[in-house]
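Q: Take a look at this one; I'll ask things after.
The values are calculated or read from the model by the stated rules, or taken from the named source; none is laboratory data. These numbers were taken from a predicted model, which means no experiment stands behind them. Counting neighbours? That spans all protein chains shown, and the Cβs are built from the backbone with ideal geometry, glycine included. The accessibility values were calculated without ligands, DNA or RNA, using every heavy atom of the protein model including side chains. Shrake-Rupley method; radii C 1.70, N 1.55, O 1.52, S 1.80 Å.
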Amino acid sequence: GAVVSQHPSRVICKSGTSVKIECRSLDFQATTMFWYRQFPKQSLMLMATSNEGSKATYEQGVEKDKFLINHASLTLSTLTVTSAHPEDSSFYICSARPGGVNQPQHFGDGTRLSIL
Amino acid sequence: GENVEQHPSTLSVQEGDSAVIKCTYSDSASNYFPWYKQELGKGPQLIIDIRSNVGEKKDQRIAVTLNKTAKHFSLHITETQPEDSAVYFCAASIWGSGNTPLVFGKGTRLSVIA
């Protein structure tokens, strides 16, 4: 149980393109989803927290107009990197937490984004 | 806010030996400490977690200990196998009313040499 699916697994695109990444909880309802960014050989850095039906909460230094997050249902959150540039190239990972008290976070397998 | 320090950054052990990874946290309000294993090109997978109301938890070859007073927690892997090779992350957060997001350590790259 507690499977989180992330799609696509890899994206290569030209500078200036907008890229959408989907995160789905397959066998549970996720009231809260999280988006992380991970550079090579580094830790996971939280970008934003999204709660179903409300606006995402962004961490300091993360541009909300650059990284658009939508959490339209209890099983789907999307991250759109708008007008992507080479410095946006990274490994983006989502995680989801089931509803209820004290539920652990489950992670997707990440999306490797490469901007040429 | 919470700050999690993790050591060592790299660890090599012979197959069959034990591996220990240590973390410290700064926020005394943190009460939930999970450990994740991340293989190359994959997302982190939860392997074990501990809450602040217990001092130790064990699951087969994996154990975690917690010292609330010193704000230390450690991961112990016994009888290591080559498939244990991965990057391990500790994390801390607050569970209860107003759950906080996980704050991760910088990771430990474990290599188990056959």
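Q: Lysine pairs in chain B 8 or more apart or on different chains: how many have alpha carbons under 21 angstrom apart?
A: 16
Q: Starting from region A:10-96, pick out the GluC sites (Glu not before Pro) whose DSSP state is loop and whose Cβ has at most 11 other Cβ atoms within 10 Å.
A: Here the sparse-neighbourhood loop sites are A:Glu63.
Q: Only protein chains counted, 1.4 angstrom probe. Which residues of region A:87-108 are at least 40 Å² less accessible in the assembly than when their chain is isolated?
A: Listed by number, the residues meeting the 40 Å² cut-off are A:Arg97, A:Asn102, A:Pro104, A:Gln105, A:Phe107.
Q: How big is the Kirkwood radius of the protein assembly as shown, worked out from every pair of different alpha carbons and given in Å to one decimal?
A: 18.2
Q: Quick one: buried accessible area between A and B, total over both chains, 1.4 angstrom probe, nearest 100 Å²?
A: 1600
Q: Which percent of the accessible area of the protein assembly as shown is formed by carbon and sulfur heavy atoms (probe 1.4 angstrom)?
A: With neighbouring chains kept in place, the figure for the protein assembly as shown is 49 percent.
Q: Right, another one. Against the globular-protein guess of 2.2 N^0.38 Å, express the Cα radius of gyration of chain B as a ratio, rounded to two decimals.
A: Cα-based Rg divided by the globular estimate yields 1.02.
Q: Would you mind getting me the FRET efficiency between B:Glu56 and A:Asn70? Use the beta-carbon distance for r and R0 = 25 Å, nearest 0.05.
A: It comes to 0.05.
Q: Using a loss threshold of 20 Å², tell me which positions in region B:27-42 are less accessible in the complex than in their chain alone. Probe radius 1.4 Å, ligands and nucleic acids ignored.
A: B:Tyr36, B:Gln38, B:Gly41, B:Lys42
Q: Could you do me a favour and compute the accessible area per residue for the protein assembly as shown, 1.4 Å probe, result in Å²?
A: With the other protein chains kept in place, the protein assembly as shown gives 49 Å² per residue.
Q: Continuing with this model, one more query. Which Cys in chain A stand alone, with every other cysteine's Cβ at 4.7 Å or more from theirs?
A: If one checks each Cβ against the other cysteines of chain A, A:Cys13 turn up with nothing under 4.7 Å.
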